[in-house]
Amino acid sequence: MYAMVLPARGAPLTFQERPDPIPGPGEVRIRVSACGVCRTDLHVVDGELPDIPYPIIPGHEVVGRIDALGDGISDLQQGMRVGVPWLGFTCGECFYCRSDRENLCDRPKFTGYTRDGGFASHLVADARYCFPLGERGDDTALSPLLCAGLIGWRSLMMAGEGNALGIYGFGAAGHIVAQVARAQGRLVYAFTRRGDEEAQQLALSLGADWAGASEDTPPAELDAAIIYAPVGPLVPLALRAVRKGGRVACAGIHMSDIPSLPYHILWGERQIVSVANLTRKDGIDFFKAVVTANIRTHTTVFPLDEANEALARLREGKLVGAAVLRP
Ligand SMILES: [Zn+2]
Ligand SMILES: [Zn+2]
C-alpha cells in the first residue's frame, strides 16, 4: 500500500510505501477510491488536536471497496462499496456509550487522527463503523458526505426544528446542509467571508434564500444558526441574528477563542451548543435523507500525492465545495 503520512506536528505529509495491512478480527481492509479533505485534517496536520500518535495517515471521508475480511465479519462482503467516517471505534461500555451517545465516548478512536485514515491506497477499519453505500452515485461525489455531510446532518438536528436557518461558513459542510435544509422546506441564509462572491453564488445556486457577509444583518430573524467556520467571533454575530429562544450550534472540532459578549445577546433563552462527532444512527439516518434530498456535492479532485496542495488550498479558503483525493 502507499499513503500520505504525517510524520510529526506541522510537517508536510510525505509519500510512503508500506506492506499491505492485514485486517484483524472484526476488521475489514478497504481499497480506497476517494477520500475527502476536511478542515479537521488541517487541525490534525497543525497539531491543534491533542495526543496525535505520530506517524499517522490523515483522512476520514473515505469511500472504497472491501478487499479483505478479518475473522467474524458477517454483514459485509468482498467487493462491497463502503464509507468510513470520523468515528472509527467506541468502547461500548462507558456512561455515554450506554446512554445512546457514543459520539461522546470516553475511549473513542477516530479515523485519520488516532487510527490510520484514508489518505492512502488502503486502510483497515472496524467493520461496525463502515457504512454500506450501495451503488448509486460516484465515489468522488459521495466522499464529502462521510464527514462534511454527517457532521452537517448532526448539526442540523442540534439546531432544532426552526424554519429560518443561518449557515456561517459555506464550504464542504455548509453546501451539503443547505441542500438538506431546503429539501426539508426550510429557509436558508448563507453567511460567508466578506467579498467571497464564489461561495455566495454557490449558496444561491443551491437554493439559499439569501447570501451575504457574516457581519451583515439577514433580511429576517433566524430561528437557528450553524457555525462551520472555525472562527470564534462568529458566535456573537450569530447570536445577534437569532430570535429569542433561538439556538447557535458550533459544528467544528476546533475554534478560535470566542470574544466576550454582552449578556443581553444571549438573554431571551438563546442557546449556544457544540456538536461533537457522530453516532452510527446519524449515518444511517443521513444516508436515507441523502437519497430523498438528491444532494449534489461540489468537489475539486487532487491526486493523492498532492494532498499537501489540497490542504494548502483549504487553509487559504481557495476551494469551492470540497477537495477530494484519489489514489
Ligand atoms: Zn464509550
Ligand atoms: Zn471531518
**OP:** Show 73, 227 ordered by accessible area, largest first, where the area counts protein heavy atoms only and the probe is 1.4 Å.
**Re:** 73, 227
Subject >> Length released on extending from residue 326 to residue 289, taking residue separation times 0.36 nm less the Cα-Cα span >> reply: 10.7 nm
**OP:** For the range 214-274, calculate the relative contact order in percent as a whole number, restricting contacts to Cα pairs under 8 Å that are 6 or more residues apart.
**Re:** 37 percent
Subject >> Cleavage-rule hits, trypsin sites (Lys or Arg not before Pro), the range 1-90, DSSP coil, Cβ neighbours within 10 Å at most 15 >> reply: 9
Original post:
Once fully extended, how much extra length lies between residue 138 and residue 312, figured as 0.36 nm per residue of separation less the alpha-carbon to alpha-carbon distance?
Top reply: 60.1 nm
**OP:** Can you send over the carbon and sulfur percentage of the accessible area for the chain, probe radius 1.4 Å, protein chains only?
**Re:** 51 percent
Original post:
Once the Cα gyration tensor of the chain is found, what semi-axes does its equivalent ellipsoid get, as square roots of 5 times the eigenvalues, in whole Å, sorted largest first?
Top reply: 33, 20, 19
Subject >> P(r) histogram, all alpha-carbon pairs of the range 239-319 included - 10 Å bins from 0, percent >> reply: 13, 24, 34, 24, 5, 0
**OP:** Report, in deg cm²/dmol and to the nearest 500, the calculated mean residue ellipticity at 222 nm for the chain, where each DSSP H run with n ≥ 4 adds -39500 (n - 2.57) and the sum is divided by the residue count.
**Re:** -6500 deg cm²/dmol
**OP:** Compute the relative contact order of the range 1-69 as a whole-number percentage, counting only Cα pairs closer than 8 Å that sit 6 or more residues apart in sequence.
**Re:** 42 percent
Original post:
If you roll a 1.4 Å probe over the heavy atoms of the protein chains, what accessible area per residue do you get for the chain, in Å²?
Top reply: 43 Å²
Subject >> Tensor-based shape of the range 47-132 (alpha-carbon gyration tensor, a/c under 1.5 rounded, otherwise prolate or oblate) >> reply: oblate
Subject >> Which of 283, 295, 272, positive extreme of dipole for the chain (C-beta unit charges) >> reply: 272
**OP:** Can you send over the solvent-accessible area of residue 300, 1.4 Å probe, protein chains only, in Å² to the nearest 10?
**Re:** 40 Å²
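Fully extended, how many nm does the chain gain between residue 54 and residue 77 (0.36 nm per residue separation, minus their Cα-Cα distance)?
Values: separation 23, 0.36 × 23 = 8.28 nm, distance 3.14 nm.
In short, 5.1 nm is gained.
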**OP:** Please sort 191-198, 275-282 by packing, taking for each peptide the average over its residues of neighbouring beta carbons within 10 angstrom, highest first.
**Re:** 275-282, 191-198
Original post:
If each of residue 254 and residue 267 carries a label point 7 Å out from its Cα toward its Cβ, how far apart are those two points in nm?
Top reply: 3.7 nm
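The values are calculated or read from the model by the stated rules, or taken from the named source; none is laboratory data. These numbers were taken from a predicted model, which means no experiment stands behind them. Don't worry about glycine lacking a Cβ; one is built from the backbone with ideal geometry, like all the others, and counts go over all protein chains shown. The area values use the complete protein model at the heavy-atom level, side chains included, leaving out ligands, DNA and RNA. Shrake-Rupley method; radii C 1.70, N 1.55, O 1.52, S 1.80 Å.
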